[in-house]
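Derivation of every value follows stated rules applied to the coordinates shown; laboratory data play no part. Keep in mind it's a predicted model, so treat the numbers as computed, not measured. Cβ placement follows ideal geometry from the backbone for every residue including glycine, while neighbour counts extend to all protein chains displayed.
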Amino acid sequence: RMTWNSYHRTSDIWGFIDYLAQTFPDFCKVFTIGQTHEKRDIKVLKISNGKVGNKAVWIDGGMHAREWISPAVVTYIINQLVYNLDNEPDYMQNIDYYIAPVMNPDGYEYSHTIDRIWRKNRRPNDPTLSGFKLCYGTDLNRNFGYKWGLGGTSKDPCDVTYGGTRPFSELESKAMKEFIQGTAANWKAYISFHSYGQYILYPWGYASAVTTDYKDLQNVAHKAGAAIRAAGGPTYTIGPAASTLYPAAGGSDDWAKGVVRMKYSYTIELRDDGRYGFVLPASYIQVTSKEALAAVRVIVEAASQA
Ligand code: 0X9
Ligand code: ZN
């Protein structure tokens with residue numbers, strides 16, 4: 001059973017979305033989009049009222065293993081969409097949601113069992129690339145194929161920001177790419193939940209430049225920030241990722257925007273401001289989820305009009 005008073009393991013989260021698909025087959029469907037190096041499934045839940053003409057929104061969590069608040073918030077959003085959509089505005093009801101709560105299951109499990117602050121996936125790297133030292137994992141948020149390998153990416157497989165040997169070298173990022181590009185959906189928004197720092201970031205992340213439509217993304221981000229505060233949350237810092245946080249190429253948000261052309265592409269860095277950092281106590285799950293849901297409503301409304 002899913003709760004929002006503690007952090008859950010991957011198998012619980014898969015059990016939760018499989019249960020929803022079984023219980024509400026007209027409304028929920030699970031896609032297993034791939035498997036990890038350690039043979040765990042990577043799953044996406046589609047939630048849709050089936051109306052023709054719905055726009056599509058992608059939401060993911062758990063790309064970075066140690067950011068436990070991210071899968072917790074994403075499962076909260078799933079629960080709200082499945083059990084309370086009637087009480088949401090019309091624009092929330094007429095959307096096809098594709099939601100991947102744990103994009104990096106191997107890393108997430110490793111952070112629960114062995115190393116709480118693990119970030120990358122868990123595929124072993126070629127030791128000849130790092131002076132014959134065996135190092136594990138690629139940073140999935142440096143492995144996407146838009147301006148891959150530019151600033152903020154390491155070529156050393158032992159580093160936490162190692163970008164991989166080529167774009168989509170990793171099973172997780174490749175599965176996501178193939179599913180998104182292979183699905184005939186009218187993609188309008190991309191939301192990736194990370195932590196921590198309380199930011200709403202939009203492209204570009206690879207370098208300090210903005211998109212031609214950045215005003216639209218900025219306006220919606222500011223509305224989302226206001227909605228977070230109205231929900232009782234703190235002030236989230238807003239801006240283009242590279243100039244607001246740091247330049248980092250190969251991010252999923254840049255690929256969603258630059259290649260798939262999902263107009264409203266965001267990375268949301270959830271709580272907190274650094275007091276607990278990645279090790280955010282579970283007592284913060286519900287407040288963080290409520291404010292994240294408020295931000296999602298604003299982005300979905302914009303997507304519905306795009
Ligand atoms: O560095 C990242 O991947 C993200 N921050 S985190 O602390 N969660 O690791 C920020 C990514 C912002 N987007 C891009 N740089 N494309
Ligand atoms: Zn992250």
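The table for this structure:
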read-out	value
Distance between modelled label sites at Asp213 and Met2, nm, 7 Å Cα→Cβ extension	2.9
Rounded Å value of the spacing that divides the Cα centres of segment 94-132 and segment 261-306	20
Positive minus negative residues near Asp139 (Lys, Arg vs Asp, Glu; Cβ under 10 Å)	+1
Summed residue charge, Cβ within 13 Å of Ile77's Cβ, Lys/Arg positive, Asp/Glu negative	-1
Sorted by Cβ density within 10 Å, fewest first, the residues His112, His64	His112, His64
Whole-Hz couplings from phi, Karplus 6.51/-1.76/1.60, listed for segment 51-68; x for Gly and Pro	5, 5, x, 4, 7, 10, 10, 9, 10, 10, x, x, 6, 9, 4, 6, 8, 4
Sequence-distant residues sharing a close amide H with Gly151 (under 5 Å, placed H)	Ala249
Vicinal HN-Hα couplings computed from phi for segment 6-19 (Karplus, 6.51 cos²θ - 1.76 cosθ + 1.60; Hz; Gly/Pro x)	8, 7, 10, 7, 4, 4, 5, 5, 5, x, 4, 6, 5, 4
Beta bridges per DSSP with both ends in segment 10-305, % antiparallel, nearest 5	40
Helix-only mean residue ellipticity at 222 nm for the chain, each DSSP H run of n ≥ 4 adding -39500 (n - 2.57), per residue, nearest 500	-10000 deg cm²/dmol
Segments 140-150, 96-106, 218-228 sorted - mean Cβ within 10 Å per residue, highest first	96-106, 140-150, 218-228
Approximate spin-label separation His222-Asn87, in nm, with each point projected 7 Å along Cα-to-Cβ	3.2
Potential extension, Tyr276-Gln35 segment - 0.36 nm per residue separation minus Cα distance	83.6 nm
Segment Thr237-Ala306, length gained on full extension (0.36 nm per residue, minus Cα span)	22.4 nm
Under 13 Å, Cβ to Cβ, from Ser252 - net charge with Lys/Arg +1 and Asp/Glu -1	-1
Of Lys43/Lys257; Lys155/Lys188; Lys39/Lys133; Lys39/Lys263; Lys51/Lys147, those spanning more than 30 Å from alpha-carbon to alpha-carbon	Lys155/Lys188; Lys39/Lys263; Lys51/Lys147
Extension gain, Tyr19 back to Asn49 (0.36 nm per residue minus Cα-Cα distance, nm)	9.0 nm
Alpha-carbon centroid distance for the pair segment 1-18 / segment 175-222, whole angstrom	26
Neighbour-count ranking [beta-carbon atoms within 10 angstrom, fewest first] of Met262, Met92	Met92, Met262
Whole-Hz couplings from phi, Karplus 6.51/-1.76/1.60, listed for segment 240-257; x for Gly and Pro	x, 4, 5, 7, 8, 10, 5, x, 7, 8, x, x, 5, 5, 5, 5, 4, 6
